[in-house]
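Report on one structure; see the data block that follows.
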Amino acid sequence: QVQLVESGGGLVQAGDSLRLSCSDSGRTFNMYAMAWFRQALGKEREFVAGISVGGGHTGYADSVKGRFIISRDNAKNTVFLQMNGLKFEDTAVYFCAAQWAYYGLVATEYAYWGQGTQVTVSS
């Protein structure tokens, strides 16, 4: 079973960087594609970045392309989201999610979710 726990959120200023982590306590992490989603207050949950099972393929939302980097360490059952050049509009609760085989862009495709971590960017 996949059990995801995010960490690394916080309050930062515009232009700063943060690194989010998401760890899985199960034994099947390296069988799942992983993704980060975010949900701002009053808005729908949106795809941010995804990474394939082996880490060789990644994808990003246009709004974060060139600023965010997703990576994973299968030996440590952890996926990361390096966020650089943060903007006020990046403020949201960030969730990691796991999906069998390949990452998708739609939240409803994902069976497993973490509890979320708040990222607040002050302008």
How charged is the neighbourhood of Y32? Take every other residue with its Cβ under 13 Å from the Cβ of Y32, and add Lys/Arg as +1 and Asp/Glu as -1. 0
Residue by residue through the stretch 87-102, the couplings from Karplus 6.51 cos²θ - 1.76 cosθ + 1.60 with θ = phi - 60°, in Hz, x for Gly and Pro, are 10, 4, 6, 7, 4, 4, 8, 9, 10, 9, 8, 10, 9, 4, 6, 9
FRET efficiency (S17, K43; Cβ distance; R0 25 Å; to 0.05) is 0.60
For every other residue with a beta carbon closer than 13 angstrom to the beta carbon of E6, add +1 if it is Lys or Arg and -1 if Asp or Glu, then tell me the sum. +1
Nitroxide proxy distance, nm - points 7 Å out along Cα→Cβ at I69 and S122: 2.8
Hey, what do the phi angles of the stretch 67-77 turn into as Karplus ³J(HN,Hα) couplings, whole Hz, using 6.51/-1.76/1.60 and θ = phi - 60°, x for Gly and Pro? 10, 9, 9, 9, 8, 8, 10, 5, 5, 10, 6
Accessible area, 1.4 Å probe, largest first: how do W36, W113 sort? W113, W36
Provide the net charge surrounding E89, with neighbours chosen by a C-beta distance below 12 Å and charges set as Lys +1, Arg +1, Asp -1, Glu -1. +2
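The values are calculated or read from the model by the stated rules, or taken from the named source; none is laboratory data. None of the values given here were measured: they were computed from a predicted structure. FYI the Cβ positions are ideal-geometry reconstructions off the backbone, even for glycines, and counts take in every protein chain you see. The accessibility values were calculated without ligands, DNA or RNA, using every heavy atom of the protein model including side chains. Shrake-Rupley method; radii C 1.70, N 1.55, O 1.52, S 1.80 Å.
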